[in-house]
Amino acid sequence: MEATKDRVKEPLMWITKRDGMNPVFIWLIRVLAFVCGMLACGLIAFALIEQLRDEPSRITEFYKCFIDGVVKNDDMKWTFAKDVAILLCISVALTPAFRMRFWNTGAEGQTLVGVLAAVGVNFYLGEPYARSHVADARLLAPMLVAALLAGALWALIPALFKAKWNTNETLFTLMMNYVAIHLVSFCLAEWVPNGSNTISINDDMPTLFNGLAAVAKKNHKYSNYLTIILTVLAVTVLIYIYIKYTKHGYELNVVGESLRTAQYVGIKVKKVIIRTMLLSGMLCGLAGFLIGGVLDCTVNTESVGGQGFTGIMVAWLASFNPLIMILTSAIITFLNHGASQISTAFDISGALPNVMIGVVLFFVIGSEFFINYKLNFRKHAREVRA
């Protein structure tokens, strides 16, 4: 009788964590999620864009815009590759900290102060403001050093507080972004007293590949883009090697897995935190130099354009693997460029393409649930003993 009273119904559905999944199936799930997201975008576009409702056959033109936004002409191809490289650089910069389970949300500010430092060096030493009028070619090295140091300093501050007082690094690094924005605003007010919110420097800065491009007599105007792309690819490979095959990489991975284990085997956790965040900040500073010293040659509060936050998603989708980040950063940039092309082709507000990007990312991010967890359903409605 007691056993009968203790009987309970088996739940209709329950969730269990997967022990592991074949990498092929993982990527198939992600591809399927991306395709479903694009189909959902088509349905949203059909419902909201009047041109598509009037001419349903134009739905193929809608999808073609995503591709045209990347490959329509040489300018778009090079711009796409350059944007992928910048986003990749910021994402790779976050990777060492994230692998250490130091949730660095301050890449936006660390990159922005890198831009500010690079432009600041040019402002004080270059034409037309400098007293010494240092040649532009000689400015590249001090601009790079200034950007690296600025990014490292901006990352060092929360690292020291985390190492000494165990502060919340997520909030600390997030707040540092706003400090960086107001620091840029202050410098612009000092440097450009006429009220402009932007300062520009010489936009014809020499680069390593100017000479090569001139010799080849081809794509000379894209030499700055080529500099950025090759630099970021080299950094990506080096960071992958650093994390996977070096002692420092091993230590930060152990700290990320378990602080107790790291302390037990004699790893100096505070030292690893500070060292890793310095590296992360320097890489963000490098991205700042590429933006402010090679690409835009200007600084304002929107110089980074939110890529510091987008880089978090890129790194997470790639499971913090720098090589896979090449793919994930390309996908995110593809969506951004395609959305911009849709906005132009169909003459619609920029808000709707952004919604479409969000829908696709919702599907892709949601697919991670099915990769990590499994849904179990009750096979038949029967009562089981508790």
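The values are calculated or read from the model by the stated rules, or taken from the named source; none is laboratory data. Remember, it's a predicted structure, so these values are computed and weren't measured experimentally. FYI the Cβ positions are ideal-geometry reconstructions off the backbone, even for glycines, and counts take in every protein chain you see.
If you check Tyr264, Tyr250, Tyr240, which single one turns out to be aromatic (Phe, Trp, Tyr) and touching a Leu at 6+ places or on another chain (Cβ under 8 Å)? Quick ask: steps written out before the conclusion?
On the way: Tyr264 fails: touching a Leu at 6+ places or on another chain (Cβ under 8 Å); Tyr250 fails: touching a Leu at 6+ places or on another chain (Cβ under 8 Å).
None of the other options fit; the residue is Tyr240.
Being of a type in the set (Val, Ile, Thr) and surrounded by 15 or more Cβ atoms within 10 Å (Cβ to Cβ) is the filter; apply it to the range 38-64 and report the residue that is nearest to Ser340 (Cα to Cα). Talk me through it step by step, then tell me what you get.
So in the range 38-64, the residues of a type in the set (Val, Ile, Thr) come out as 44, 49, 59-60.
Next, only the ones that are surrounded by 15 or more Cβ atoms within 10 Å (Cβ to Cβ) stay: 49, 59.
On the way: Ile49: 15, Ile59: 16 Å.
Filtering the range 38-64 for residues that are of a type in the set (Val, Ile, Thr) and surrounded by 15 or more Cβ atoms within 10 Å (Cβ to Cβ), the one nearest to Ser340 (Cα to Cα) comes out as Ile49.
Could you list, in sequence order, the residues of the range 199-229 that are assigned to a loop (DSSP other than H, G, I, E, B) and either crowded, with 20+ Cβ neighbours inside 10 Å or modelled with pLDDT under 55 (or both)? First the steps, then the outcome.
Kept after step one, since they are assigned to a loop (DSSP other than H, G, I, E, B), are these residues of the range 199-229: 201-209, 217-219.
Ile201, Asp203, Asp204, Met205, Pro206, Thr207, Leu208, Phe209, Lys217, Lys218, Asn219 - these are the residues of the range 199-229 that are assigned to a loop (DSSP other than H, G, I, E, B) and either crowded, with 20+ Cβ neighbours inside 10 Å or modelled with pLDDT under 55 (or both).
Go through the range 230-254 and give me each residue that's among the β-branched types (Val, Ile, Thr) and at pLDDT 95 or above. Steps first, please.
Of the range 230-254, the ones among the β-branched types (Val, Ile, Thr) are 231-232, 235-237, 239, 241, 243, 246, 254.
Hits for the range 230-254 are Val232, Val235, Thr236, Val237, Ile239, Ile241, Ile243, Thr246, Val254.
Look at Thr60 and say whether it is among the polar types (S, T, N, Q), part of a helix (DSSP H, G or I) and free of Cβ contacts under 8 Å to residues at least 40 places away in the same chain. Show your work before the answer.
Numbers: among the polar types (S, T, N, Q): yes; part of a helix (DSSP H, G or I): yes; free of Cβ contacts under 8 Å to residues at least 40 places away in the same chain: yes.
So Thr60 fits the description; yes.
Residue by residue through the range 240-281, note down the ones that are crowded, with 22+ Cβ neighbours inside 10 Å and closer than 27 Å to Ser303 by Cα.
Passing the criteria: Thr276, Met277, Ser280, Gly281.
In this structure, is Lys17 out of contact with any strand residue (DSSP E or B) (no Cβ under 7 Å at 6 or more places or on another chain) and either closer than 24 Å to Thr333 by Cβ or of a type in the set (D, E, K, R) (or both)?
For Lys17, the condition - out of contact with any strand residue (DSSP E or B) (no Cβ under 7 Å at 6 or more places or on another chain) and either closer than 24 Å to Thr333 by Cβ or of a type in the set (D, E, K, R) (or both) - is not met.
Return the residues of the range 105-131 that are surrounded by 24 or more Cβ atoms within 10 Å (Cβ to Cβ) and within 12 Å of the chain's Cα centre (by Cα); say none if nothing qualifies.
Correct list: Gly106, Ala107, Glu108, Thr111.
For Val35, indicate whether it is surrounded by 11 or more Cβ atoms within 10 Å (Cβ to Cβ), more than 20 Å from Leu317 (Cα to Cα) and either touching a Leu at 6+ places or on another chain (Cβ under 7 Å) or modelled with pLDDT of 85 or more (or both). Don't jump to the end; show me each part of the working.
On the way: surrounded by 11 or more Cβ atoms within 10 Å (Cβ to Cβ): yes; more than 20 Å from Leu317 (Cα to Cα): no; either touching a Leu at 6+ places or on another chain (Cβ under 7 Å) or modelled with pLDDT of 85 or more (or both): yes.
Answer is no for this residue.
Regarding Thr170, is this residue surrounded by 24 or more Cβ atoms within 10 Å (Cβ to Cβ), modelled with pLDDT of 95 or more, under 26 Å from Thr333 (Cα atoms) and of a type in the set (Ser, Thr, Tyr)? Let's see the steps before the verdict.
Numbers: surrounded by 24 or more Cβ atoms within 10 Å (Cβ to Cβ): no; modelled with pLDDT of 95 or more: yes; under 26 Å from Thr333 (Cα atoms): yes; of a type in the set (Ser, Thr, Tyr): yes.
Judged against the criteria, Thr170 is not a match.
Out of (1) on the phi > 0 side of the Ramachandran plot; (2) in contact (Cβ under 8 Å) with a residue 24 or more places away in the chain, what's the single condition that is false for Leu286?
Single failed check for Leu286: (1).
For Thr310, are the conditions met, namely being β-branched (Val, Ile, Thr) and within 16 Å of Met38 (Cβ to Cβ)? Steps first, please.
Details: β-branched (Val, Ile, Thr): yes; within 16 Å of Met38 (Cβ to Cβ): no.
Criteria not met by Thr310.
Conditions (1) among the small types (Gly, Ala, Ser); (2) within 21 Å of Ala152 (Cβ to Cβ), marked per residue:
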| position | (1), (2) |
| --- | --- |
| Ile229 | no, no |
| Ile239 | no, yes |
| His248 | no, yes |
| Asn253 | no, no |
| Gly256 | yes, yes |
| Leu259 | no, no |
| Tyr264 | no, no |
| Ile267 | no, no |
| Leu279 | no, yes |
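Do we find a residue being touching a Cys at 6+ places or on another chain (Cβ under 6 Å), surrounded by 11 or more Cβ atoms within 10 Å (Cβ to Cβ), at pLDDT 95 or above and not basic (Lys, Arg) anywhere in the range 84-92? Step through it out loud before you land on a result.
Pass one, the range 84-92, residues touching a Cys at 6+ places or on another chain (Cβ under 6 Å): none.
Scanning the range 84-92 turns up no residue that is touching a Cys at 6+ places or on another chain (Cβ under 6 Å), surrounded by 11 or more Cβ atoms within 10 Å (Cβ to Cβ), at pLDDT 95 or above and not basic (Lys, Arg).
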